[in-house]
Amino acid sequence: MVEWTDDERAAINTIFSKLDYDSVGPEALSRCLIVYPWTQRYFGGFGNLYNAEAIMCNPMIAAHGTLVLHGLDRALKNMDDIKNTYAALSELHSEKLHVDPDNFRLLADCLVVVIAGRMGYEFSPDMQAAFAKFLSVVVSALGRQYH
Ligand code: HNI
């Protein structure tokens, strides 16, 4: 089981308390689709993804980005059992959506970039370390139902 120090828990909660889900989620997902364009293949039904501007203005992508952040909220509220919390979501991404699990890491990296931009120097190395650990646990849990 993953162990969390009080400082790590505090850092992760601070980051989430400052997150504007409705803007950080869309920006992180848009970045992922722009920076790693092969990730667009899963969003064929999401309308216009023609270029970076189209992706950033796409309301379906924005809504999905917000949804993904709310999905992360579940890990935040169940930090001591992220693995089981994400069992069904992992199965969905594997069996039904056929999302390559490498992509979870790419989206996580985009999220770090967006949060660093928003928080600036307040996003200290210690905070980044705690958040990187949190995202690693999330990525690993989402990848668990793949065989
Ligand atoms: Ni993801 C649906 C959470 C990464 C492609 N995804 C969801 C849903 C949640 C969610 C929640 C809605 C599930 C439902 O309908 O019950 N996704 C997450 C989280 C991460 C993540 C927490 C990682 C941090 N998803 C990714 C990545 C991709 C991805 C990296 C592809 C590159 N997800 C999808 C697709 C859907 C989806 C595609 C279905 C969208 C739809 O509405 O058709």
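The values are calculated or read from the model by the stated rules, or taken from the named source; none is laboratory data. If you're wondering where the values come from, they're calculated on a predicted model, not measured in any experiment. FYI the Cβ positions are ideal-geometry reconstructions off the backbone, even for glycines, and counts take in every protein chain you see. Calculation scope for accessible area: heavy atoms of the full protein, side chains included, ligands and nucleic acids excluded. Shrake-Rupley method; radii C 1.70, N 1.55, O 1.52, S 1.80 Å.
Summary table below
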| read-out | value |
| --- | --- |
| Residue count for region 25-43, restricted to those that are among the β-branched types (Val, Ile, Thr) and more than 8 Å from the ligand (Cβ to nearest atom) | 2 |
| Complete set of residues in region 1-53 that are in contact (Cβ under 8 Å) with a residue 24 or more places away in the chain, small (Gly, Ala, Ser) and closer than 15 Å to residue 114 by Cα | 25, 28, 30 |
| Test: residue in region 75-88 that is more than 8 Å from the ligand (Cβ to nearest atom), of a type in the set (A, V, I, L, M) and in contact with a helix residue (DSSP H, G or I) (Cβ under 6 Å, 6 or more places away or on another chain) | yes |
| Residue selected from region 99-122 under the condition under 19 Å from residue 147 (Cα atoms) and touching a residue at least 24 places away in the same chain (Cβ under 8 Å), by the criterion most open to solvent (accessible area, probe 1.4 Å) | 105 |
| Pairs with Cβ under 6 Å, 6+ apart, first in region 133-147 and within 12 Å of residue 74 (Cβ to Cβ), second in a loop (DSSP other than H, G, I, E, B) and open to solvent by less than 30 Å² (accessible area, probe 1.4 Å) | 141/86; 142/86 |
| Leading residue by the ranking (farthest from the ligand (Cβ to nearest atom)) among those in region 55-74 that are more than 18 Å from residue 20 (Cβ to Cβ) and assigned to a helix (DSSP H, G or I) | 55 |
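Matching residues to (1) modelled with pLDDT under 95; (2) part of a helix (DSSP H, G or I); (3) away from the ligand (no atom under 13 Å from the Cβ):
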residue: 99; (1), (2), (3): no, no, no
residue: 114; (1), (2), (3): no, yes, no
residue: 119; (1), (2), (3): no, yes, yes
residue: 133; (1), (2), (3): no, yes, yes
residue: 138; (1), (2), (3): no, yes, no
residue: 141; (1), (2), (3): no, yes, no
